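For reference, the structure discussed in these notes is given below.
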Amino acid sequence: MKKLAILVLSGAALSLASITAPAIAGERYGQRPPVVLSPDLTAPWVLQLGGHAAPRGGVVYRTQPKVARAPVYQSRSLKVEPRRVTNVALAAPRVKAAPTRQIGSQFLPQMVSYDGNQKPGTIIINTSERYLYFVTGNGQARRYGVGVGKEGHAWSGTEKITRKAEWPGWTPPAEMIKRVREKEGRILPAHMKGGPENPLGARALYLGSTLYRIHGTNQPWTIGKAVSSGCIRMRNEDVTDLYEQVKVGAKVIVI
């Protein structure tokens, strides 16, 4: 028993001596262990140094650590094709072009013979024939087709041109406004500026102190008809031609 206790005690002392005894690196290791560095610490420095030199016994990481990237989703454009109308009944109806309205060739301007006794510059209007004659002299007159007053608005007499106007404004008289409203259900404006949409057209020749005029129209297809409220209407190009030849004070004879 005493020999066994001494042996155990000797073993414990030997173990304690081996723990507390100073260790000499040169005696325990013949060669130093390799140094391993974390990739997170070495990567930036290795890149700066070019990644060619490696520490003795060390490990060099020449690539940057992988960084997780967010997934990339490709967007798809949706191409919407136009809907085709297959049902003919649902398609928009075709609008037919309005037929071109023309006047008879007899109402276009032309030179005719005149054997009357009126001096040049006089205007003669024959309402039954729907013609206006401008006496030019030498046995001739220039004839134009006109539109005249409808039934109940025709008149005859002699007047003078008292005023001329280009693209005249229109102020319908009160009795006309009332008549049109009651008979036709239309509301006429109190005044309308001159222009292509104005019923008086491009030019106007005012007759005396009356409300009547020789004027143009934006409805040339009415030439040769009794459609007005007493005024004599002409095509815009025709009244412009007459306007250049007639002087204020010229005689106008309506028959």
Enter the accessible area per residue of the stretch 106-174 (Å², integer; probe 1.4 Å; all protein chains in place).
54
Per residue of the stretch 196-206, in order, report the coupling 6.51 cos²θ - 1.76 cosθ + 1.60 (Karplus, θ = phi - 60°) as ³J(HN,Hα) in whole Hz, putting x for Gly and Pro.
x, 8, 6, x, 7, x, 7, 9, 9, 10, 8
Given pairs Lys150/Lys193; Lys164/Lys193; Lys225/Lys247; Lys178/Lys251 and cut-off 22 Å on Cα-Cα distance, the over-length ones are Lys150/Lys193; Lys225/Lys247; Lys178/Lys251
How long are the three semi-axes of the equivalent ellipsoid for the stretch 170-255, computed from the Cα gyration tensor as the root of 5 times each eigenvalue, in whole Å, largest first?
23, 15, 13
Amide H to amide H under 5 Å from Ala250: which residues, 5+ apart in sequence or cross-chain, H placed 1.01 Å off N in plane?
Ile161
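The values are calculated or read from the model by the stated rules, or taken from the named source; none is laboratory data. Since we're looking at a predicted model, the values are computed, not measured. When the accessible area is computed, the model is the full protein with side chains, heavy atoms only, and any ligands, DNA or RNA have been set aside. Shrake-Rupley method; radii C 1.70, N 1.55, O 1.52, S 1.80 Å.
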